[in-house]
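None of the figures in this text is laboratory data; all of them are computed from the coordinates on show. The model shown is predicted, which means the values in this text are computed figures rather than measured ones. For neighbour counting, all protein chains shown are included, and Cβ atoms are generated from backbone atoms with ideal geometry for every residue, glycine included.
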Amino acid sequence: MIQVTVITVGVLKEAYWRDAVAEYEKRLSAFCKPNIVQLKEAKLPEDPSEGEIRTALADEGKRILAAMPPRSYRVALCVEGKQFSSEALAKKLESAVNESGSLCLVIGSSHGLCEEVKAACQMRLSVSELTFPHQMMRVLLLEVLYRSFSILKGTRYHK
């Protein structure tokens, strides 16, 4: 079964986000082995300087890189990433799985991802030009993955 790792920075504080993630993990388990890796966000002061943000991103980046499964097809979620239709993303992920056997998708902290993490990924993905809270993005990404697998298996969910 396909291993799909989602690395996230930050915790889900509200129960409704945790419930939504649990529901999509359960749904995804019909298609793959989902693994959510939740890393701690670097501590920053209330009004951080650019240097403090860079340092925090570098710290988070080291931990993200260490958590990435070897030989997986790596996808960084970032604003400059490519956008796809649901069908096109499903085909792209299918191709990626055929190439490497597993997927690793990364959602950074509220300040994004450091360049080292982006450079370690084979693809940069943007799900929208809109900005979403990171908790919502985690649920949205899991829904996107579930939809992609549903498309590939020809289930009725996507309709």
Under Karplus coefficients 6.51, -1.76 and 1.60, residue-wise ³J(HN,Hα) of the stretch 62-68 in Hz, glycine/proline x: 4, 6, 5, 4, 5, 8, 5
Ile36 long-range amide H proximity, modeled H, under 5 Å: Val6
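Multiplying the sequence separation of Met136 and Asp59 by 0.36 nm and subtracting their Cα-Cα distance, what value in nm do you get?
Values: separation 77, 0.36 × 77 = 27.72 nm, distance 2.34 nm.
Gain in length upon complete extension: 25.4 nm.
Ignoring the sites themselves, what is the longest stretch of the chain with no GluC sites (Glu not before Pro) in a DSSP loop and at most 12 other beta-carbon atoms within 10 Å?
Longest stretch, sites excluded: 47-128.
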Rounded to 10°, Cα long-axis angle of helix 134-153 versus longest principal axis of the chain: 20
Note, ³J(HN,Hα) from phi for the stretch 100-116, Karplus 6.51, -1.76, 1.60, rounded to Hz, x at Gly and Pro: 10, x, 8, 10, 9, 10, 10, 10, x, 7, 5, 9, x, 10, 6, 4, 4
Residue-wise HN-Hα coupling along the stretch 49-56, computed from phi with Karplus coefficients 6.51, -1.76, 1.60 (Hz; x: Gly, Pro): 7, 4, x, 5, 5, 4, 5, 5
Label-to-label distance, nm, for residues given as Ser86 and Glu143 (7 Å Cα→Cβ offset): 1.0
Other-chain or far-sequence residues with amide H under 5 Å of Val11's (modelled H): Glu41
Long-range HN-HN contacts of Gly81 with modeled amide H, under 5 Å: Ser126
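Beyond 23 Å between alpha-carbons counts as too far, so tell me which of Lys43/Lys82; Lys33/Lys91; Lys33/Lys92; Lys26/Lys82 fall in that bin.
Result: Lys43/Lys82; Lys26/Lys82 exceed 23 Å.
Work out how much length Lys13 to Glu99 would gain on full extension: take 0.36 nm times their residue separation and subtract the Cα-Cα distance, in nm to one decimal.
On the way: separation 86, 0.36 × 86 = 30.96 nm, distance 3.59 nm.
Gain on stretching Lys13 to Glu99: 27.4 nm.
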